[in-house]
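Step one of this worksheet: look at the structure below.
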Amino acid sequence: MRIEAQKRRWESPMANSVTDVAVALRESMEHLGWEFARERGERLYSRFAVILPMAKVAYIFRFRVTDPLDDVRFDAWEFRLSHKGDVTFIAVDDYRYEDLDLVHQLLSEMVERLPRRPWDFPLGQRMEAGLALPEWSNARRMWQQMRFDVGEKTPKDWVPKGSLGERV
């Protein structure tokens, strides 16, 4: 009798826009030669207006990897937590412990293609969404769990790889 390996989920807030994350993910998968399918989805969340929760829907950029991983999903979406403050999230679903090196490889490639490190939230972004939100420290903790050096800030002369680095 064969025991199925437990599937895992990893999720983190990101300091980049959802479109930048989706572009970087797609370019990273293409660069690594991975087979994937693009899908779309929606996610419900609540945003508070004064004291009443308002139901909102976030569009999900979904990439389902079939090779070299076995049906692992990478999702990116954006929540609008205040009238102006958007927070992007990324999630990796249905990966196994044995897949961790490949997931890390893809995320490392993606980080190199983003305009700034995903855990390096600028003060303006934190002020727009809310200075006291737990997402800011959660991002550092989650990226550290994925074996990234979160003490590293985005260098001033940072130029991302790929098409995001070609923009002026």
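Within the stretch 153-167, not a single residue is under 27 Å from GLU42 (Cα atoms) and of a type in the set (Phe, Trp, Tyr).
PRO155 fulfils the conditions (1) free of Cβ contacts under 8 Å to residues at least 24 places away in the same chain; (2) surrounded by 14 or more Cβ atoms within 10 Å (Cβ to Cβ) except for a single criterion, (2).
For the stretch 83-103, the set of residues classified as surrounded by 15 or more Cβ atoms within 10 Å (Cβ to Cβ) and without any contact (Cβ under 8 Å) to a residue 60 or more places away in the chain consists of GLY85, ASP99, LEU100, LEU102, listed by residue number. Here LEU52 meets each of (1) within 30 Å of GLU128 (Cβ to Cβ); (2) of a type in the set (A, V, I, L, M, F, W, C); (3) under 19 Å from the mean Cα position of the chain (by Cα); (4) surrounded by fewer than 15 Cβ atoms within 10 Å (Cβ to Cβ) with one exception, condition (3).
Sort through PHE48, PHE61 and tell me the only one that's at pLDDT below 90 and either in contact with a strand residue (DSSP E or B) (Cβ under 7 Å, 6 or more places away or on another chain) or not β-branched (Val, Ile, Thr) (or both). Talk me through it step by step, then tell me what you get.
Details: PHE61 fails: at pLDDT below 90.
Result of the check over PHE48, PHE61: PHE48.
Considering the stretch 59-78, the residues that are touching a Gly at 6+ places or on another chain (Cβ under 9 Å) and crowded, with 19+ Cβ neighbours inside 10 Å include one that is nearest to LEU131 (Cα to Cα), namely TRP77.
Listed here are the residues, each with its yes/no results for (1) within 30 Å of ASP157 (Cα to Cα); (2) hydrophobic (A, V, I, L, M, F, W, C); (3) in contact (Cβ under 8 Å) with a residue 12 or more places away in the chain.
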| position | (1), (2), (3) |
| --- | --- |
| ALA24 | yes, yes, yes |
| GLU39 | no, no, yes |
| TYR45 | no, no, yes |
| ALA55 | no, yes, no |
| LEU107 | yes, yes, yes |
| GLU112 | yes, no, yes |
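If I ask for residues that are within 27 Å of GLY85 (Cα to Cα), in a strand (DSSP E or B) and not hydrophobic (A, V, I, L, M, F, W, C), which ones from the stretch 11-37 would you list? Residues satisfying the conditions are GLU11, SER12, PRO13.
What do you reckon, is PHE148 within 21 Å of ALA76 (Cβ to Cβ), in contact with a strand residue (DSSP E or B) (Cβ under 9 Å, 6 or more places away or on another chain) and of a type in the set (Phe, Trp, Tyr)? Considered against the rule, which asks whether it is within 21 Å of ALA76 (Cβ to Cβ), in contact with a strand residue (DSSP E or B) (Cβ under 9 Å, 6 or more places away or on another chain) and of a type in the set (Phe, Trp, Tyr), PHE148 comes out as no.
Do the conditions hold for LYS7, that is, is it closer than 15 Å to ASP86 by Cβ, charged (D, E, K, R) and either modelled with pLDDT under 90 or loosely packed, with under 14 Cβ neighbours inside 10 Å (or both)? Break it down into steps so the answer makes sense when it comes.
Values: closer than 15 Å to ASP86 by Cβ: no; charged (D, E, K, R): yes; either modelled with pLDDT under 90 or loosely packed, with under 14 Cβ neighbours inside 10 Å (or both): yes.
Judged against the criteria, LYS7 is not a match.
The values are calculated or read from the model by the stated rules, or taken from the named source; none is laboratory data. These figures come from a predicted structure and were not determined experimentally. Counting neighbours? That spans all protein chains shown, and the Cβs are built from the backbone with ideal geometry, glycine included.
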